[in-house]
Amino acid sequence: MLKEFRADLHVHTVLSPCGSLEMSPVRIISEAKKKHIDILAVTDHNSTRQCRVLMELGQEAGITVWGGAEINTREEVHCLALFDRMEALEEFQLWLDRWLVKIENNPDFFGDQVWVDVEDNILGEEKYLLIASLDRSLEQCIDEVHRLGGVFAPAHVDRSSNSLSSQLGFVPPDIRADAIEVSPNATPEMIKKHGWDKIKPLIAGSDAHQPERLGVNITTVMMKNSSLNEFKKALKGMDGRSVMVERLQRNSGDLT
């Protein structure tokens, strides 16, 4: 039997230099419960180091947490990489560490880059600037995420910076992504104009950097359970499974 899950697929934590220090694991899970979010994806910039604590807290609270990252390709395109297994996340972190361009962070200018435990005690601090790019192309990033069994989606495709649209000028119709993410600012008119929904399924995330932003852009998923494998089937529309951007559906009905 299929069930409906409300998912926020783009959430930053204290680890991202641009993330508020209020975005601790405990605060994120608390806000997610208040807003009836069933699935959260942790997507800090070029790092997965805050994922484990959030995944454990989510399990205790009855919220599924997928780990991952918002990676920045050599072309300066931001993309979401999502996983639900710690083994894959640990291997992906080694890959991120290898290919992140090494620019030392200046916390006074860019912000702190720490990851914390359930009591907000600092477990570590990232030395290198996480919003730098990886020395890997878009295609190489897709290959690595898929090799590890993850889901790959170009982020906030409608944005005027760090998106496929801004960096390449268009969304390649043959891109090997699993989905395309739209930001809270995307409109039905914009999507129809560019035909993004004809290229890949659309998903949504809040891109929250502050607690109050959690849940402002929700993906509603019909699937049997909250596993990433089921989500992959939903992206393909298998056996009645489906994904839709809740806000767009509510405001405009069927985009087609």
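Would region 132-143 turn up any residue that is assigned to a strand (DSSP E or B) and either surrounded by fewer than 18 Cβ atoms within 10 Å (Cβ to Cβ) or on the phi > 0 side of the Ramachandran plot (or both)? Don't jump to the end; show me each part of the working.
Going through region 132-143, the residues assigned to a strand (DSSP E or B) turn out to be 134.
Narrowing the set further to residues that are either surrounded by fewer than 18 Cβ atoms within 10 Å (Cβ to Cβ) or on the phi > 0 side of the Ramachandran plot (or both) leaves none.
Checked against the condition, which is being assigned to a strand (DSSP E or B) and either surrounded by fewer than 18 Cβ atoms within 10 Å (Cβ to Cβ) or on the phi > 0 side of the Ramachandran plot (or both), region 132-143 yields no hits at all.
Being assigned to a loop (DSSP other than H, G, I, E, B), more than 15 Å from D44 (Cα to Cα) and not small (G, A, S): is that true of R98 here? In short, no. Among the conditions (1) touching a residue at least 12 places away in the same chain (Cβ under 8 Å); (2) farther than 30 Å from M190 by Cβ; (3) polar (S, T, N, Q), the only one that N121 does not satisfy is (1).
Does K200 meet the test of being within 26 Å of G62 (Cα to Cα) and either surrounded by 17 or more Cβ atoms within 10 Å (Cβ to Cβ) or touching a Lys or Arg at 6+ places or on another chain (Cβ under 9 Å) (or both)?
In short, no.
Cβ contacts < 6 Å: first residue free of Cβ contacts under 8 Å to residues at least 12 places away in the same chain, restricted to region 159-172; second residue exposed (fewer than 10 other Cβ atoms within 10 Å of the Cβ) and polar (S, T, N, Q), any location; separation 6+ or different chain. Result? That search, which allows pairs on different chains as well, returns S166/S160. Considering only residues of region 63-93 that are closer than 15 Å to P25 by Cβ and either in a loop (DSSP other than H, G, I, E, B) or among the aromatic types (F, W, Y) (or both), which is farthest from the chain's Cα centre (by Cα)? Per the stated criteria, the residue is I63. For L54, the criteria (1) part of a strand (DSSP E or B); (2) touching a Ser or Thr at 6+ places or on another chain (Cβ under 9 Å) hold in every case but one, which is (1).
Determine, yes or no, whether I191 is closer than 24 Å to I71 by Cβ, assigned to a loop (DSSP other than H, G, I, E, B) and either aliphatic (A, V, I, L, M) or out of contact with any helix residue (DSSP H, G or I) (no Cβ under 7 Å at 6 or more places or on another chain) (or both). Talk me through it step by step, then tell me what you get.
Details: closer than 24 Å to I71 by Cβ: yes; assigned to a loop (DSSP other than H, G, I, E, B): no; either aliphatic (A, V, I, L, M) or out of contact with any helix residue (DSSP H, G or I) (no Cβ under 7 Å at 6 or more places or on another chain) (or both): yes.
Against the criterion (closer than 24 Å to I71 by Cβ, assigned to a loop (DSSP other than H, G, I, E, B) and either aliphatic (A, V, I, L, M) or out of contact with any helix residue (DSSP H, G or I) (no Cβ under 7 Å at 6 or more places or on another chain) (or both)), I191 does not qualify.
Across region 74-93, the number of residues qualifying as aliphatic (A, V, I, L, M), within 22 Å of V14 (Cβ to Cβ) and either out of contact with any Ser or Thr (no Cβ under 6 Å at 6 or more places or on another chain) or modelled with pLDDT under 95 (or both) comes to 3. Filter region 223-239 for residues that are of a type in the set (D, E, K, R) and in contact (Cβ under 8 Å) with a residue 40 or more places away in the chain; which is nearest to G150 (Cα to Cα)? Ranking the qualifying residues of region 223-239, first place goes to K232.
The values are calculated or read from the model by the stated rules, or taken from the named source; none is laboratory data. Here the structure is a predicted model, which means the values were calculated and not measured. Note: ideal-geometry Cβ built from the backbone for every residue, glycine included; neighbour counts use all protein chains shown.
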